Amino acid sequence: MKRKALRAALPHTIPVFTGYLVLGISYGVLITAKGAPFWMPMLTSLSIFAGSMEFVLVNLLLSGFDLLQAFLMTLMINARHLFYGISMLDRYRGLGLKKLYLIYGLTDETFSIVCAMEPPEGVDRGLFSLFVTLLDHSYWVLGCTLGGIFGSMLSFDTRGLEFVMTAMFAVIFLENWQKEKQHLPAIIGVVLPIVCLLIFGADSFMIPAMLSILAALTLLRKPLEQEVQP
Amino acid sequence: MNMTQQLLTIAVVSLGTILTRFLPFLLFPAGKPTPKYIRYLGKVLPSAVFGLLVVYCLKHVSLVAAPFGLPEAIALVVVIGLHLWKKQMLLSIAGGTVVYMLLVQLVFM
């Protein structure tokens, strides 16, 4: 029963394997290059398991100690996970204790698999989802751990490596841009932070930027809602 | 930040992540319709947040002092170009990062 579910889950996770391994290694090398001990990426990959947020964490650890800002940024950056959860409410119902781990590990990639793929006939959906989540999580931990070890052993010039994070967010932004009909939310997401950056400076613009984005999207709800939903 | 502060920051980020993942299951019992405002935010927020994150990554770039944000601009063009051309996420990220590293290590020193 378990074997069957694992065998059904594995092929769907292969693309995630490549992605998590490459990004995990990059993240592990980056955070150790910025001075973190080799076990730090392993710890965060287990306890946070949210790639974008872990890349942002590298910056947070380098700036001043500010738990409130760290918390608010986590909520804002991971807010999209709220909506994955909403889509999975019915599918994850009645799965008992498994459900706790399934929700804990619901990353963008895991969501895209468990939401889009139907397990084959005779395979339990709960077990299938569990193995997808477990496999994805282990790929991420593996990548981050390897990155942490490489990063603390190798001594090549890592100047500029931090751009991996900029590039990753730019690509996701671009993919969203190509999918959406209405670009105003994306434009708001770029323009308001730039305005806040100019007003408040690099060290304290994030909270005003997040609040102004939420306010703008709330104020523009009527016109946007009409255009977003055809 | 000392190690204790770093571990506290990691704990807070972990807690925030867990909160965003569990909240829907606590707030919206299955079978009940999700509030419209929440669904609306679900549609518009992700595009805005990734824009915000790009700005966040580039917050220390100065346009008035050398090299005037040129390495970042060039590398971003490479990322976008590669992505429009090949549509391979990892290739676009790797290509842009390698170009950026070469630029800051060899060209704009």
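The values are calculated or read from the model by the stated rules, or taken from the named source; none is laboratory data. None of the values given here were measured: they were computed from a predicted structure. With ideal geometry, Cβ positions are generated from the backbone for all residues, glycine too; neighbour counts draw on all protein chains shown. Side chains are part of the model used for accessible areas, which takes the heavy atoms of the whole protein and leaves out ligands, DNA and RNA. Shrake-Rupley method; radii C 1.70, N 1.55, O 1.52, S 1.80 Å.
Of the residues in the stretch A:3-20, at least one is assigned to a helix (DSSP H, G or I), buried (at least 16 other Cβ atoms within 10 Å of the Cβ) and facing chain B (nearest Cβ under 10 Å).
Of all residues in the stretch A:47-59, those being facing chain B (nearest Cβ under 9 Å), in contact (Cβ under 8 Å) with a residue 60 or more places away in the chain and among the aliphatic types (A, V, I, L, M) number 1. If the condition is being at pLDDT 85 or above, assigned to a loop (DSSP other than H, G, I, E, B) and at the interface with chain B (Cβ under 9 Å from one of its Cβ atoms), then the stretch A:85-100 contributes only A:Y92. Residues in the stretch B:1-19: is at least one farther than 20 Å from A:L68 by Cβ, assigned to a helix (DSSP H, G or I) and facing chain A (nearest Cβ under 7 Å)? No, that holds for no residue. Which residue is nearest to A:Q178 (Cα to Cα), if the candidates are limited to the stretch B:26-49 and must be in a loop (DSSP other than H, G, I, E, B) and at the interface with another protein chain (Cβ under 7 Å from one of its Cβ atoms)? Checked the stretch B:26-49; the qualifying residue nearest to A:Q178 (Cα to Cα) is B:T34.
Within the stretch A:133-146, is there a residue that is in contact (Cβ under 8 Å) with a residue 40 or more places away in the chain and in contact with a Pro (Cβ under 6 Å, 6 or more places away or on another chain)?
Within the stretch A:133-146, the first condition is being in contact (Cβ under 8 Å) with a residue 40 or more places away in the chain, and the residues that meet it are A:135-137, A:139-146.
Filter once more, keeping what is in contact with a Pro (Cβ under 6 Å, 6 or more places away or on another chain): A:144.
Yes, there is a match, as at least one residue in the stretch A:133-146 is in contact (Cβ under 8 Å) with a residue 40 or more places away in the chain and in contact with a Pro (Cβ under 6 Å, 6 or more places away or on another chain).
Only one of these is modelled with pLDDT of 90 or more and under 30 Å from A:P37 (Cα atoms): B:L23, B:L8, B:L70. Name it.
B:L8
Among residues of the stretch B:50-83 being under 14 Å from B:V104 (Cα atoms), at the interface with another protein chain (Cβ under 9 Å from one of its Cβ atoms) and of a type in the set (A, V, I, L, M), the one that is most open to solvent (accessible area, probe 1.4 Å) is B:L76. Anything in the stretch A:101-122 that is of a type outside the set (D, E), open to solvent by 20 Å² or more (accessible area, probe 1.4 Å) and in a loop (DSSP other than H, G, I, E, B)? List them, or say none. Once the filter is applied, which keeps residues that are of a type outside the set (D, E), open to solvent by 20 Å² or more (accessible area, probe 1.4 Å) and in a loop (DSSP other than H, G, I, E, B), the stretch A:101-122 yields A:M117, A:P119, A:P120, A:G122.
For the structure I just gave you, tell me whether A:V164 is part of a helix (DSSP H, G or I) and either under 29 Å from B:K87 (Cβ atoms) or in the same structural domain as A:L30 (by TED's automatic domain parsing) (or both). Considered against the rule, which asks whether it is part of a helix (DSSP H, G or I) and either under 29 Å from B:K87 (Cβ atoms) or in the same structural domain as A:L30 (by TED's automatic domain parsing) (or both), A:V164 comes out as yes. Taken together, A:L174, A:L214, A:L192 contain a single residue that is surrounded by 22 or more Cβ atoms within 10 Å (Cβ to Cβ) and at pLDDT 90 or above, which is A:L192. Looking across the stretch A:147-201, the residues that are among the polar types (S, T, N, Q), in contact (Cβ under 8 Å) with a residue 12 or more places away in the chain and either within 10 Å of chain B (Cβ to nearest Cβ) or within 16 Å of B:I80 (Cβ to Cβ) (or both) come down to A:T158, A:Q182.
Of the residues making up the stretch A:50-59, those that are within 15 Å of A:G148 (Cβ to Cβ) and of a type in the set (A, V, I, L, M, F, W, C) number 3. When A:G201 is tested against (1) open to solvent by 30 Å² or more (accessible area, probe 1.4 Å); (2) of a type outside the set (K, R); (3) at pLDDT below 95, just one condition goes unmet, and that condition is (1).
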